[in-house]
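Taking it in order: structure first as structure tokens, then the write-up.
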């Protein structure tokens, strides 16, 4: 992979014919180290957020040894690139073949479920194994999230206690999990979910070995600046101390977005301008799925080889390269008003669910990857809110962000 100091250096050095994904390995490493140093428990990377081999390798190098996988291909990726790591099959609905292969071929011993039918499948396909960890996923409120994940997975409260009891009978270790929603903007959402989980555990009347608070840890996007990550960790620590679980219970989390969002951007070329509409060579069927369908705000900036950009800005909408009218991204995106055919737009913060959701529809989809060394957008792992009034520091210092937080007291 070729390395440039900045994306502009690439634009100045050669023609950008197809979309170019700019990867930033240092951002993945920094995020991985922060969670390893600050979260008071086990950190699993949710592979679905970005399964690129370079991401897995960068996280592994930074100390990540535990992965949340959702399919056999994801299991195979982790086995290939991080062979000394553990995996948890945390998709609540799995095929029988996938359960069987995960257990017997890849040594996976951790499985999630949210109903009795899935519990039966796991028990049967592992031949009633006595070394299986079962994680019961609970349905919880997603009110604090910018992107709700409620409605598809999670056992409802009125059925949860019975399912927890039945899972306990088959589990070497038993855990509960939940997901507060993607890009959670309220640390208190974790506390509420954890105390609800505690109530259901008490109602079930069994012991629980693991509390998995899931994902949802946020990143910074235009118009969407979350509280510092320290606030989330504090809320989780405090709630965990109040939960009715075993004295030596383990605490897990499954960050996806927060670990990799800052790691990638895409350079896309303007093929045509029609007023405020820019037709690009990447779009909703490529790396801009969330920008189109979730109306997610992403930072943008213009690159020209000569660097002659001093026009006032204007609002634009984007269209992708396919012939499908759904390939539309309303924005609005603020860019120089004199933008024209051939200009290159960098769209940032696409490391999470950018390349992971891209397709080859209509023959488009080919990309090139290059490494770059800059970080032009605010980071959750640099300056934070206690310096927000300082225009030169929108996010806490590296020294604070990377300090080692004392682990929770092991309950003996």
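FYI, it's all coordinate maths here, none of it is from the lab. Please read all numbers here as calculations on a predicted model, not as lab measurements. Because the Cβ atoms are built from the backbone with ideal geometry, glycine has one as well, and the counts that use them run over all protein chains shown.
Values as computed for the structure displayed
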{"read-out": "Cα gyration tensor category, rounded, prolate or oblate, for the range 25-260 with a/c compared to 1.5", "value": "oblate"}
{"read-out": "Within a Gaussian network of the chain (alpha carbon springs, distance under 10 Å), most fluctuating of 110, 309, 347", "value": "309"}
{"read-out": "DSSP beta bridge pairing in the chain, given as percent antiparallel to the nearest 5", "value": "40"}
{"read-out": "FRET efficiency estimate (nearest 0.05) - Cβ-Cβ, residue 127 to residue 199, R0 45 angstrom", "value": "0.85"}
{"read-out": "Span from the the range 319-378 Cα centroid across to the the range 140-197 one, whole angstrom", "value": "34"}
{"read-out": "Calculated FRET value between residue 334 and residue 57, using beta carbons and R₀ = 51 Å, to 0.05", "value": "0.90"}
{"read-out": "Selected from 230, 310, 343 as most flexible by GNM, with the chain as the system and alpha-carbon contacts under 10 Å", "value": "310"}
{"read-out": "Length gained when the stretch residue 304-residue 106 is fully extended (0.36 nm per residue, less Cα-Cα span)", "value": "66.4 nm"}
{"read-out": "Theoretical gain in end-to-end length, residue 206 to residue 6 [0.36 nm per residue, Cα-Cα removed]", "value": "66.5 nm"}
{"read-out": "Degrees separating the helix 96-106 axis from the principal Cα axis of the chain, which is the longest one", "value": "90"}
{"read-out": "Peptides ranked, highest mean first, by Cβ atoms within 10 Å: ranges 281-294, 355-368, 195-208", "value": "281-294, 195-208, 355-368"}
{"read-out": "Tilt relative to the chain, helix 188-204 - C-alpha long axis, 0 to 90 degrees, to 10", "value": "20"}
{"read-out": "Modelled label reach - residue 246, point 7 Å along Cα→Cβ, the range 65-90 residues with backbone N closer than 19 Å", "value": "87-89"}
{"read-out": "Spin-label pair residue 315/residue 18, simplified geometry with 7 Å Cα→Cβ offset, distance in nm", "value": "3.5"}
{"read-out": "Extension gain, residue 86 back to residue 359 (0.36 nm per residue minus Cα-Cα distance, nm)", "value": "95.4 nm"}
{"read-out": "Gap separating the Cα centres of the range 89-123 and the range 17-78, nearest whole Å", "value": "23"}
{"read-out": "Inter-label distance, nm, simple model (7 Å from Cα along the C-beta direction), residue 162/residue 370", "value": "6.0"}
{"read-out": "Among 224, 349, 185, residue whose mean-square fluctuation peaks in a GNM of the chain (springs only between Cα atoms under 10 Å)", "value": "224"}
{"read-out": "Principal-axis tilt of helix 72-81 within the chain, Cα atoms, nearest 10 degrees", "value": "80"}
